[in-house]
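Scroll down for the structure; my scribbles are underneath it.
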Amino acid sequence: LVYVPVTGQTYWGGGAYGSQRQDAQGVQTLHTRPAQPGERLQVVGSRSHSNQQTQAYLATLGEYELISVGSSLKFCLLAEGRAHLYPRLAPTCEWDTAAAQAILEGAGGRVETLEGTPLRYSKAEILNPSFVARSW
């Protein structure tokens with residue numbers, strides 16, 4: 001569950017359950033939307049947490065538009081189909097990502113380490129490795 005007090009939106013879901021968003025208009029089922037051929041990639045990120053590794057990764061993408069939003073909202077924009085990619089190559093903790101990752105996966109997306117393995121939890125170390133969340 002992710003609640004956004006500023007907008008009154010609530011997101012919930014998980015891989016086996018699907019994902020939904022509730023707002024003033026009611027409840028909507030969420031689905032990711034991969035970029036279509038010729039469409040500019042919509043990348044969510046944070047200007048304040050960017051580093052050289054992130055800049056180098058973004059340079060490999062070609063043309064993209066950066067959407068700067070806070071924390072769990074990045075995953076939620078992917079789950080809603082409003083963005084395509086969220087590379088996070090700076091530190092986060094398990095509690096920063098767990099709920100939002102479940103919502104993204106319930107909507108059809110995935111979160112993987114740079115080695116291509118799923119981002120996992122309940123590790124001895126609470127810091128997450130670098131990861132990429134994507135809508136496909």
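The values are calculated or read from the model by the stated rules, or taken from the named source; none is laboratory data. Bear in mind the structure is a predicted one, so any value in this text is a computation, not a measurement. Neighbour counts run over all protein chains shown; Cβ positions are idealised from the backbone, glycine included. Surface accessibility is based on the protein's heavy atoms, side chains included, excluding ligands, DNA and RNA. Shrake-Rupley method; radii C 1.70, N 1.55, O 1.52, S 1.80 Å.
Could you give every pair whose Cβ atoms fall below 9 Å, whose first residue belongs to the range 77-99 and is closer than 16 Å to T54 by Cβ and in contact (Cβ under 8 Å) with a residue 60 or more places away in the chain, and whose second residue is surrounded by 16 or more Cβ atoms within 10 Å (Cβ to Cβ) and of a type in the set (A, V, I, L, M, F, W, C), counting only separations of at least 6 or pairs across chains? Within 9 Å, no pair qualifies.
The set of residues in the range 77-136 that are in contact with a Gly (Cβ under 9 Å, 6 or more places away or on another chain) and surrounded by fewer than 13 Cβ atoms within 10 Å (Cβ to Cβ) contains only W136. Is it the case, given these coordinates, that T32 is in a loop (DSSP other than H, G, I, E, B), open to solvent by less than 90 Å² (accessible area, probe 1.4 Å) and not hydrophobic (A, V, I, L, M, F, W, C)? Yes.
Would you mention how many residues in the range 51-103 are of a type in the set (S, T, Y), farther than 25 Å from P5 by Cα and part of a helix (DSSP H, G or I)?
Residues of the range 51-103 that are of a type in the set (S, T, Y), as a first pass: 54, 57, 60, 64, 68, 71-72, 86, 92, 97.
Then drop every residue that is not farther than 25 Å from P5 by Cα, which leaves 54, 57, 60, 64.
Subsequent filtering for residues that are part of a helix (DSSP H, G or I) retains 54, 57.
The total comes to 2.
There is no residue in the range 5-13 that is at pLDDT below 95, open to solvent by less than 40 Å² (accessible area, probe 1.4 Å) and more than 16 Å from G108 (Cα to Cα).
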